[in-house]
Structure formats: structure tokens, C-alpha cells
1. Since residue 87 meets every condition but one in (1) of a type outside the set (A, V, I, L, M, F, W, C); (2) surrounded by 17 or more Cβ atoms within 10 Å (Cβ to Cβ); (3) more than 15 Å from residue 9 (Cβ to Cβ); (4) under 29 Å from the mean Cα position of the chain (by Cα), which condition does it not meet?
2. For segment 337-359, give me each residue that is closer than 19 Å to residue 261 by Cα and surrounded by 23 or more Cβ atoms within 10 Å (Cβ to Cβ).
3. Which of the residues belonging to segment 171-185 are under 16 Å from residue 224 (Cα atoms) and without any contact (Cβ under 8 Å) to a residue 40 or more places away in the chain?
4. Across segment 239-263, what is the number of residues that are in a loop (DSSP other than H, G, I, E, B) and under 18 Å from residue 186 (Cβ atoms)?
5. Checking residue 97 against (1) more than 26 Å from residue 15 (Cα to Cα); (2) in the same structural domain as residue 18 (by TED's automatic domain parsing); (3) touching a Ser or Thr at 6+ places or on another chain (Cβ under 8 Å): exactly one of these is not met. Which one?
6. Evaluate the following for residue 258: is it touching a Lys or Arg at 6+ places or on another chain (Cβ under 6 Å) and either within 29 Å of residue 444 (Cβ to Cβ) or surrounded by 16 or more Cβ atoms within 10 Å (Cβ to Cβ) (or both)?
7. Among the residues of segment 264-297, write down those that are assigned to a helix (DSSP H, G or I) and over 19 Å from the mean Cα position of the chain (by Cα).
8. May I ask you to say which residue of 188, 200, 176 is charged (D, E, K, R) and under 22 Å from the mean Cα position of the chain (by Cα)?
Amino acid sequence: MKHTPRHTATQALLQMEENEGYSNIVIDKALRAAGLDARDAGLASTIFYGVLERRLPLEHFLRGCLANPRKKLDPQVWALLLCAAYQILYLDRVPDSAAVNEAVEEAKGIKGGAFAGLVNGVLRSLVRKKESLSLPQGDGLQALSLRYSIPQDLIALWQHSYGKELTAQLLEAFQRRAPLYLRVNPLRATVEGLAASLGRQGFSLKPVEALPWAAVAEGEGSPASLEEFQEGLFHVQDLSAQLACSLLEAQPGQAVCDCCAAPGGKSFTLAEDMENTGSLYAFDLYKGRVGLIQQGAERLRLSCIQAGRRDASKPYEGLGQMDRVLCDVPCSGYGVIRRKPEIRYKPLSSVKELPSLQYAILENGAALVKPGGLLVYATCTLNPKENGQVALRFLEEHPEFEPSPFSLPGVEHLVDEPAHTVTLLPINGGSDGFFAARFRRKGEL
């Protein structure tokens, strides 16, 4: 079959369903395999991400066009219908009739064309109803879920944890595109110099006042393709991650451990804060991901980074004590929905085992900290069971540690929480959703 943009998007969505891959990796692989030109690749990406971002309303409208709305359809046919429905309801680039005809042609290639009639009927019905379709209004869970394409139980969790007003702002924020933040390598560049250099290539760079070396970038294309990236003048890192690094207050000459380091962004920022002196141990469970850390360290010319394989859920053997330890643990990821739209559909029931793993990683990291040293626990999720509750349990069970309060410049505390923790929310176009807690081991360095 000819690789059309919609066929490529459909196959990528199927891959997501069957193997639960990351959206950016799955679509990149599908585009390479399809060999589409730039315009068609752009359309395929638009359809793919559009369906992920609007899956719940799309399914709602499509089921309203089925003779039996509860009928379970073949996954390939359902993915095809979702892609066509997205084009019909949200895109103007292709006439509705062409979108229907193209979908019917593609359906003829599925199981001997057994579903071509169904695809034709459902999509023609959708086109007829198009002008009269609307989503339910109000602030009931079902209405919010359909309007924002976020499952009801996740919205309910946020309402319970953060209140209805903050949750409403959060749902709006997750509709917007995430800003792109860079961390300028202070050992090799200045913010002003990099801004001038990137400006000549169509990228604008705006410094973040509250955080030296952080900047927000705007422009077309991938910053990783730029010469300045290859020369190690910067790395891409969200503002929330840069803020978490700042909590460690890493100093030149210290011994620092980043327990779950891949792909390496926080290790790079910490090594730069250390002025590439001392020792930064960057560990990950998987060999390939350790390789990514090593490549990034070489590109940025950060020789103090020692990357290696370790299982953070097991005690560290053969390591000396550390001045600073970062435990940026595996998590459900509900704070990065803008970047990975598929995460919103991850059932809460599927992440209930995470806090025990997160706690084990935190305990093992804590065992490395010197008296007087700092320990930071961080996640990129918005789920109190993985955040504040893990931090609270740690203090209750580890009297050798005490809370280490902090304030972050430019960060408003929107959630009521202890002074040694912060929940960052992607409101007002800021950082990803994120949590961090800081502890100090009692005693003197």
C-alpha cells in the first residue's frame, strides 16, 4: 500500500496501542520507514499528535455515528476512523469528501475489504452531523474529560489534590504547546553570544531572569540540528528540571551523584554548576541510555562526568560518600502531558506500584549522602502518592535527615505544601508539571 500521510499516522497509532511506545520515537520511526516528503511528513505528524491529543472527543463523536455505539471494532479500523475523523473535524487542509474516500480506499486493504462499507457509512454520517456536533459544557467530570481529552479519574485526582480552580487552569495549560527551554553551557558560551548566533539561523532566545543560563527558544526545526548544539554550547532542558538542579546547589570540586540520570540533562547542568571539577556520577539501568549520557558529556566537553550502569533500586556498593545526591525517579509522568500526549491515558491503576520503587531509590540515594550534604527527590508527575507522600514517609522513617527549606526565584507556590517541597504547574506558560523535595543529612560537612 502507498504510504500516505494518514496511512503512516494510522500505523503509528496502532504501534502506540500495541507496544505503548513514546509518541515522538514511534512517529519518527514511522516517518523514516514511509519516506514521505517534508509536507506529507508534516501532515502525518499533525494527524498522529492530533488524534493523541483529542482521542476522547473523537471517540465520542465516532461512537455517535455507529449503529451500535458499544460495538468493539478491529483496532486497525478504529485507528483509521480516528485519523479520518480528526481530519474532518479539526483540519481544513483536505476536503471532507476526499478524507472519506481516502479512508474507504485504505479500508479496502484491511481483511479483504470487509470494513470498507462500515468506514464509508460512519464517516459520511460524521460529515453530515459535523455542523451540529458539540461537546457537553459545565464542570462535571464527563464534560471536562471530553472537552480536554483527559480521563475522568485523573481529573478527579487533581481536583481532590489541588482544588477545582487550579485543576481548571491545569486543564487549560495542558491544551497549549510547551515552551522550549535551553540550558546554555557557561563553560563554553554566554546567553547573549548564543542568542546572537542562533538569531542568525532564525531562532530567538530569551533569557530566564530568575535562572542564570536558562533561556526560552523559539524557531522552526530542531535545535539539536544546529551547529551550536553539536559544538556543545547548550543542551535542551525544561525549566522545571533546571530548577530542580538549582536546589542541589552543587559547588566546584564536590562529589555529586545523579541516581537516575539518562538521558543526562540534569547531570550536564550539575557538572556545569561544578565548573567541570570534582566528580559527578551519572547512573542509569540500561547500557544504551548510559551511552547517551556519555555522548552528551563529550559533546558539552564535561570531563568530570562518570557515567555507568547501576540499578538505583538496589544499594550502591563501592561508592564513597557524596556532597550532593539527586534522585529524579521513574514516575507516571502526568506533568509532561504537553510533550507526551499519550501519558494522559495511562490508567492510575497502572502506576500504583511506583511509590514503593521510588521510595527504594530515594533510600539508596540517601545512604550516599555525607553529614551536612543535600538530597533532592524529584518527579515529573502530578500525583501526590508519588510526590509529597513519598517525601513525608522518608522524613518519618529517616530521622538522620531533616527538611531543607528553600525558595525558588520567580516561582509562586500554588499548592499548599511544606517549605522544603515544591509542586510546579504548567500554568501561565511556564515549566512542566514537576515535584521536588530537599533534605539535609544532619551533621556537618
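1. All conditions pass for residue 87, except number (3).
2. 358
3. Within segment 171-185, none qualify.
4. Just the residues of segment 239-263 that are in a loop (DSSP other than H, G, I, E, B), to begin with: 249-254, 259-263.
Right, trim to under 18 Å from residue 186 (Cβ atoms) and you get 249-254.
Matching residues across segment 239-263 total 6.
5. Of (1) more than 26 Å from residue 15 (Cα to Cα); (2) in the same structural domain as residue 18 (by TED's automatic domain parsing); (3) touching a Ser or Thr at 6+ places or on another chain (Cβ under 8 Å), only one is false for residue 97: (3).
6. Values: touching a Lys or Arg at 6+ places or on another chain (Cβ under 6 Å): yes; either within 29 Å of residue 444 (Cβ to Cβ) or surrounded by 16 or more Cβ atoms within 10 Å (Cβ to Cβ) (or both): yes.
Yes; evaluated as a whole, the condition is true for this residue.
7. Let us first name the residues in segment 264-297 that are assigned to a helix (DSSP H, G or I), namely 265-273, 287-297.
Within segment 264-297, 270, 271, 272, 273, 287, 288, 290, 291, 294, 295, 296, 297 meet the criteria.
8. On the way: 188 fails: under 22 Å from the mean Cα position of the chain (by Cα); 200 fails: under 22 Å from the mean Cα position of the chain (by Cα).
The match here is 176.
The values are calculated or read from the model by the stated rules, or taken from the named source; none is laboratory data. Keep in mind that this is a model prediction, so the values were computed, not measured. Cβ atoms come from the backbone with ideal geometry, glycine included; neighbour counts cover every protein chain shown.
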